[in-house]
1. Residues that are in contact with a Phe, Trp or Tyr (Cβ under 6 Å, 6 or more places away or on another chain), open to solvent by 40 Å² or more (accessible area, probe 1.4 Å) and either at pLDDT 95 or above or not aliphatic (A, V, I, L, M) (or both): does region 116-126 have at least one?
2. Scan region 114-159 residue by residue and report those that are farther than 18 Å from G79 by Cα, polar (S, T, N, Q) and in contact with a Lys or Arg (Cβ under 9 Å, 6 or more places away or on another chain).
3. Kindly indicate whether S151 is within 16 Å of A39 (Cβ to Cβ) and at pLDDT 95 or above.
4. For N145, state whether it is out of contact with any Leu (no Cβ under 8 Å at 6 or more places or on another chain), loosely packed, with under 12 Cβ neighbours inside 10 Å and within 18 Å of A39 (Cβ to Cβ).
5. Restricting to region 85-97, name every residue that is out of contact with any His (no Cβ under 8 Å at 6 or more places or on another chain) and open to solvent by less than 90 Å² (accessible area, probe 1.4 Å).
6. Identify the single condition in (1) assigned to a strand (DSSP E or B); (2) open to solvent by 60 Å² or more (accessible area, probe 1.4 Å); (3) in contact with a helix residue (DSSP H, G or I) (Cβ under 7 Å, 6 or more places away or on another chain) that F100 does not satisfy, given that it satisfies every other one.
7. Residue by residue through region 55-72, note down the ones that are out of contact with any Lys or Arg (no Cβ under 9 Å at 6 or more places or on another chain) and within 22 Å of K157 (Cβ to Cβ).
Amino acid sequence: MKYILITATLFLSIVSWQNKDKNELTNKTEMETQTEKAAIEKLLFSYRDALNTSDVNKVLLLYTTDGVFMPTNAPTAIGQEQLKSSYEFVFKNIQLKIEFFIDEIEIHDNVAFVRTMSKGTTLIHANGQTVPEENRELFVLKKENKEWKISRYMFNKIK
């Protein structure tokens with residue numbers, strides 16, 4: 001009987017210890033995920049701010065060196081040089097005032113997928129007209145030098 005009690009106590013101690021380690025690992029993983037999501041949100045809001053101020057240089061800093069921009073009804077821009085030309089063209093023609101709303105963030109190691117919606121207005125420089133702006137976006141992000149960057153970005157109009 002004494003051996004049964006000692007064995008049972010030892011078994012319960014091991015199970016308790018394993019559960020504690022598992023809970024600590026789960027908590028650590030959840031905290032790391034929240035930290036990564038916060039960094040991604042910061043990146044997206046920095047991108048929004050760069051768009052709203054028509055700042056090409058700030059936009060370029062947020063992309064990977066081989067980043068890809070796939071705008072609606074326009075050619076795909078690949079790499080920093082084409083990105084620069086594409087955003088210069090965009091900002092020459094319009095002024096955005098938008099807000100991003102994040103629908104989903106999925107993180108897999110050093111790659112993340114983010115779905116957003118944006119709403120606001122666009123000032124068309126050619127005619128001075130301000131029109132509603134509403135898009136849905138897909139971002140593919142990569143960690144470059146321990147920092148989240150835009151690797152691929154595509155958007156399309158909702159209406």
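The values are calculated or read from the model by the stated rules, or taken from the named source; none is laboratory data. It should be emphasised that the depicted structure is a prediction, and the values quoted were computed from it without experimental measurement. A quick note on method: Cβ atoms are made from the backbone with ideal geometry, for glycine too, and the neighbour counts reach across all protein chains shown. Areas reflect the complete protein model, heavy atoms only, side chains present, ligands, DNA and RNA absent. Shrake-Rupley method; radii C 1.70, N 1.55, O 1.52, S 1.80 Å.
1. Step one: list which residues in region 116-126 are in contact with a Phe, Trp or Tyr (Cβ under 6 Å, 6 or more places away or on another chain), which gives 116-118.
Cutting the leftovers down to open to solvent by 40 Å² or more (accessible area, probe 1.4 Å) gives us 117.
Retained after the next criterion (residues that are either at pLDDT 95 or above or not aliphatic (A, V, I, L, M) (or both)): 117.
The answer is yes; a qualifying residue exists.
2. Matches in region 114-159: T116, S118, T121, T122, T130, N135, N156.
3. Values: within 16 Å of A39 (Cβ to Cβ): yes; at pLDDT 95 or above: yes.
Judged against the criteria, S151 is a match.
4. Values: out of contact with any Leu (no Cβ under 8 Å at 6 or more places or on another chain): yes; loosely packed, with under 12 Cβ neighbours inside 10 Å: yes; within 18 Å of A39 (Cβ to Cβ): yes.
It is true that N145 is out of contact with any Leu (no Cβ under 8 Å at 6 or more places or on another chain), loosely packed, with under 12 Cβ neighbours inside 10 Å and within 18 Å of A39 (Cβ to Cβ).
5. Initially, region 85-97 is screened for residues out of contact with any His (no Cβ under 8 Å at 6 or more places or on another chain), giving 85-91, 96-97.
Within region 85-97, S85, S86, Y87, E88, V90, F91, L96 meet the criteria.
6. All conditions pass for F100, except number (2).
7. P71
Matching residues to (1) over 18 Å from N145 (Cβ atoms); (2) open to solvent by 70 Å² or more (accessible area, probe 1.4 Å):
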site	(1), (2)
K42	no, yes
S46	no, no
A50	yes, no
T53	yes, yes
L61	no, yes
T65	no, yes
V68	yes, no
A77	yes, no
E81	yes, yes
